[in-house]
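In what follows, a single structure is set out as structure tokens and then discussed.
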Amino acid sequence: MDDSPPRRRDTPQIILWVLLGGAASLAVLIGGAIFAYMMWRSSSAQVRPQKVSVAPPVAEAPEVIPANIKSNPPVIVAQDGDFSSTNSVTSLLGEDEAGHGLAHIDNRKDGPTTIETINGVPARVARLADNRTELFFYFQINPTFKKQDLRQVKFEVEYFAPQPGTMNIHYNARSGPNVENPNYRETVGTIRLANSGRWEKATFFARNDAAFRNRQNGKSDFRIVANTSIIYIRRVTVLQEQAAGE
């Protein structure tokens, strides 16, 4: 007779249910952890949004020159309309009628000129008329150029003289005991004109007393005076020179 206790047939089922329950609980825990992590990522992104910062441009540092090193001064080129830093002004007659700091005044009754071409070169020409005995070319200097000391200047005139005669320049000068007419002061020297058949250049000098205060006809500063029947002028230049001592 077998006295061993009878086997319980429901033990495997209980174990199976326990395992299934554990697996289900583990799945719930894993799912909850994943869900919690995703919620934390989402909330973190909302609370702390990612910012993109753009660094401002960095300005170039100025060049520093040591005190014991002397740099070469920059070359200054005068712009149109400002001739305060140049030592000369010029006018190309018959070409660049606007001039480069020097304007020709051609509408005066005693100084009418016209543009003509002679030997293939455009220029301004003046002819005697109405019983006149002298020809005048009036000029006005840019005010910015007159900011400098222009007591002593040199005048250069490029001309073509088909007929003989003489030529000089009258300029605005300072008043003085030996100056008869300061508004029409004669330069040093008078040149003789001859029919050379070519372009020539004449040079005249002020007497260390130029003022250029627009006191001639047409508010001009100086005029070319030619005692001849006809003359062509193509370039006039005024150059600053070092004035003599007082």
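The values are calculated or read from the model by the stated rules, or taken from the named source; none is laboratory data. Small disclaimer: the values here were computed from a predicted structure and weren't measured. No Cβ is skipped: glycine too gets one built from the backbone with ideal geometry, and neighbour counts run over all protein chains shown.
Based on this model, can you work out whether ASN131 counts as polar (S, T, N, Q), farther than 25 Å from ARG198 by Cα and without any contact (Cβ under 8 Å) to a residue 40 or more places away in the chain? Yes, satisfied. For THR114, the conditions (1) modelled with pLDDT of 85 or more; (2) surrounded by 13 or more Cβ atoms within 10 Å (Cβ to Cβ); (3) not basic (Lys, Arg) all hold with the exception of (2). Among the criteria (1) more than 31 Å from the chain's Cα centre (by Cα); (2) assigned to a loop (DSSP other than H, G, I, E, B); (3) farther than 28 Å from VAL121 by Cα, the one PHE212 does not fulfil is (1).
Taking the listed residues GLU241, GLU180, GLU158, the one that is without any contact (Cβ under 8 Å) to a residue 40 or more places away in the chain and either over 26 Å from SER85 (Cβ atoms) or acidic (Asp, Glu) (or both) is GLU180, with no other qualifying. When ILE141 is tested against (1) touching a strand residue (DSSP E or B) at 6+ places or on another chain (Cβ under 7 Å); (2) within 19 Å of ILE230 (Cβ to Cβ); (3) touching a residue at least 60 places away in the same chain (Cβ under 8 Å), just one condition goes unmet, and that condition is (2). When LEU193 is tested against the conditions (1) out of contact with any Gly (no Cβ under 8 Å at 6 or more places or on another chain); (2) without any contact (Cβ under 8 Å) to a residue 40 or more places away in the chain, the lone failure is (1).
Inclusion of VAL157 among residues that are assigned by TED's automatic domain parsing to the domain that holds ALA210, modelled with pLDDT of 95 or more and more than 17 Å from ASN214 (Cα to Cα) is warranted.
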